[in-house]
1. Of everything in the range 211-240, what is over 12 Å from Val269 (Cβ atoms), open to solvent by less than 30 Å² (accessible area, probe 1.4 Å) and part of a helix (DSSP H, G or I)? Give them in sequence order.
2. I need the full set of residues from the range 206-223 which are of a type outside the set (Ser, Thr, Tyr), out of contact with any Ser or Thr (no Cβ under 7 Å at 6 or more places or on another chain) and closer than 17 Å to Phe233 by Cα, in order please.
3. Just checking, which of Leu380, Leu399, Leu435 is open to solvent by less than 20 Å² (accessible area, probe 1.4 Å), at pLDDT 90 or above and out of contact with any helix residue (DSSP H, G or I) (no Cβ under 7 Å at 6 or more places or on another chain)?
4. If we scan the range 352-366, do we find a residue that is open to solvent by less than 20 Å² (accessible area, probe 1.4 Å), at pLDDT 90 or above and either over 18 Å from Gly59 (Cβ atoms) or in contact with a strand residue (DSSP E or B) (Cβ under 7 Å, 6 or more places away or on another chain) (or both)?
5. Tell me, yes or no, whether the range 241-253 has at least one residue that is in contact with a Leu (Cβ under 6 Å, 6 or more places away or on another chain), part of a loop (DSSP other than H, G, I, E, B) and either of a type in the set (A, V, I, L, M) or open to solvent by 10 Å² or more (accessible area, probe 1.4 Å) (or both).
6. So, restricting to helices (runs of 4 or more DSSP H) that lie completely within the range 65-127, which ones have at least 2 residues that are of a type in the set (Gly, Ala, Ser)?
7. Can you find even one residue in the range 389-396 that is outside any strand (DSSP E or B), more than 22 Å from Gly47 (Cα to Cα), modelled with pLDDT under 90 and open to solvent by less than 40 Å² (accessible area, probe 1.4 Å)?
8. Restricting the range 446-469 to residues that are under 28 Å from Asp204 (Cα atoms) and assigned to a strand (DSSP E or B), which is most open to solvent (accessible area, probe 1.4 Å)?
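The values are calculated or read from the model by the stated rules, or taken from the named source; none is laboratory data. Predicted, not measured: the structure shown is a model, and the values here were computed from it. Don't worry about glycine lacking a Cβ; one is built from the backbone with ideal geometry, like all the others, and counts go over all protein chains shown. Accessible surface areas use protein heavy atoms only, side chains included; no ligands, DNA or RNA. Shrake-Rupley method; radii C 1.70, N 1.55, O 1.52, S 1.80 Å.
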Amino acid sequence: MPAHANPDRIPRQTSKQRGRLTAMAALGALGLGLVLAAPASAASTLGASAAERGGRYFGAAIAANKLSDSTYVTILNREFNSVTAENEMKWDATEPSRGSFNYTNGDRIANHAIGRGMKIRGHALLWHSQQPGWAQSLSGSTLRSAALNHVTQVATHYRGKIHSWDVVNEAFADGSGGGRRDSNLQRTGNDWIEAAFRAARAADPAAKLCYNDYNTDGINAKSTGIYNMVADFKARGVPIDCVGFQSHLSNSVPGDYQANLQRFANLGVDVQITELDISGSNQASVYASVVRSCLAVARCTGITVWGIRDSDSWRTGQNPLLFDSGGNKKAAYTSVLNALNEGNPSSPSPSPSPSSSPSPSGGTGPCRVSYAVNAWNNGLTSEITITNTGSSTVNGWSLVFTLPSGQSIVGGWNATYSPTSGQVTARNVSYNGTLSPGASVGIGFQANHSGNTSAPGTFTLNGSTCTRA
């Protein structure tokens with residue numbers, strides 16, 4: 001049993017009995033969400049507080065069959081601004097027979113998140129465990145072809161909806177060597193991880209592409225093996241944007257936890273805490289330590305806890321989550337919220353989406369706009385951050401800009417857009433209309449284009465021309 005257990009290793013059918021530790025709108029997944037850089041008072045929920053810290057997320061792994069549980073859903077909707085499907089987007093769930101795909105439960109989770117402006121972490125495209133029986137029987141080039149087709153089909157199905165994909169999960173072995181795990185996927189050739197990332201990028205150019213693993217929370221042989229792979233990928237242009245640290249902890253956090261996150265961030269990738277749960281008598285203080293470590297690393301873009309209530313956890317009897325079985329907040333919840341609220345609201349926003357390019361500067365006024373565009377084929381996504389640089393609170397805002405010729409909005413998040421081409425006005429929605437001095441809000445949209453992917457030239461907020469970040 002690894003020191004830090006892994007829920008992914010448990011088949012869906014036995015998620016309650018863990019023996020061996022194996023285991024916009026549609027587009028809204030790409031939005032930065034509400035970021036209050038100088039809140040008038042401390043945020044009262046996890047997601048809201050995380051968003052105030054540079055647009056970070058605080059999410060939970062959820063199960064489709066629990067979306068009919070009113071207590072579960074109430075906590076989910078109130079506290080979290082990101083979700084991960086616990087099992088519903090894995091290979092055995094999405095492609096139960098070769099070439100026949102089933103997205104029913106994955107879509108149920110995605111649609112729930114999309115309807116509430118939550119980000120979605122896709123988990124996981126390729127993994128040695130929870131493969132359907134037909135894939136387990138394949139090998140060599142036949143398995144390689146089937147695996148890459150699976151990546152392509154699933155990532156294409158969720159294209160434009162996923163904030164981050166765990167493209168490959170747990171491909172490194174435990175122990176002192178720091179090498180790859182022996183699996184049917186590994187036996188297709190050592191370049192299978194690279195091939196999976198390239199297929200995922202082609203299928204969904206806007207999603208962040210992550211490698212995810214456990215027992216990598218400190219600087220050790222396994223995390224160093226992954227570090228070396230990421231460094232190699234970055235040097236050779238293999239598309240990797242983030243690394244996930246599962247962080248299944250018991251009573252303590254490694255002393256070099258923050259340093260480990262930072263060394264990966266220094267490679268030019270985001271880092272995410274992807275499956276956090278903590279058991280033991282020091283639970284509250286360890287949770288707070290993990291949160292503070294993330295906030296101290298500018299490229300730590302979010303935290304996901306693996307479940308909501310203790311009764312939902314795969315770690316049966318260990319009570320490792322933030323809410324007890326009745327849905328009540330635990331001391332660990334309070335410690336997490338306090339740690340988030342203690343964080344610096346002016347922390348840098350997460351890095352732009354893959355292949356995004358900064359926009360030109362210009363203009364003056366009591367507002368500032370940053371604009372990043374990520375383009376592919378005939379489509380693009382744009383992320384806009386509006387900051388109130390004036391001395392008065394803005395109550396209700398509208399941002400006016402002119403789309404370059406050939407661009408037409410097909411959907412957006414965190415604002416309403418009208419019309420969809422030419423001069424566009426983006427107006428606040430119900431939950432983000434107030435911008436206190438220094439506060440920011442992230443909005444965005446997806447558009448079609450006919451070849452011109454440039455940024456708008458000027459932005460005006462409530463009639464005032466904004467400076468450009």
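1. Lys222, Ser223, Gly225
2. As a first pass, look at the range 206-223 and keep what is of a type outside the set (Ser, Thr, Tyr): 206-210, 212-213, 215, 217-222.
From the residues that got through so far, the ones that are out of contact with any Ser or Thr (no Cβ under 7 Å at 6 or more places or on another chain) too are 209, 213, 215, 218-220.
Matches in the range 206-223: Leu209, Asp213.
3. Details: Leu380 fails: at pLDDT 90 or above; Leu435 fails: at pLDDT 90 or above.
Of Leu380, Leu399, Leu435, the one residue that is open to solvent by less than 20 Å² (accessible area, probe 1.4 Å), at pLDDT 90 or above and out of contact with any helix residue (DSSP H, G or I) (no Cβ under 7 Å at 6 or more places or on another chain) is Leu399.
4. Looking through the range 352-366, none of the residues is open to solvent by less than 20 Å² (accessible area, probe 1.4 Å), at pLDDT 90 or above and either over 18 Å from Gly59 (Cβ atoms) or in contact with a strand residue (DSSP E or B) (Cβ under 7 Å, 6 or more places away or on another chain) (or both).
5. Of the range 241-253, the ones in contact with a Leu (Cβ under 6 Å, 6 or more places away or on another chain) are 241, 247.
Filter again for part of a loop (DSSP other than H, G, I, E, B), leaving 241, 247.
Imposing the further condition that a residue be either of a type in the set (A, V, I, L, M) or open to solvent by 10 Å² or more (accessible area, probe 1.4 Å) (or both) reduces the set to 241.
Yes - at least one qualifying residue is present in the range 241-253.
6. On the way: elements: 70-79, 91-94, 104-114.
The helices (runs of 4 or more DSSP H) meeting that bar are 104-114.
7. Yes: the range 389-396 contains one or more residues that are outside any strand (DSSP E or B), more than 22 Å from Gly47 (Cα to Cα), modelled with pLDDT under 90 and open to solvent by less than 40 Å² (accessible area, probe 1.4 Å).
8. Looking only at the range 446-469, we keep the residues that are under 28 Å from Asp204 (Cα atoms), and these are 446-457, 469.
Subset that is assigned to a strand (DSSP E or B): 446-448.
Details: Gln446: 36, Ala447: 1, Asn448: 81 Å².
Selected residue: Asn448.
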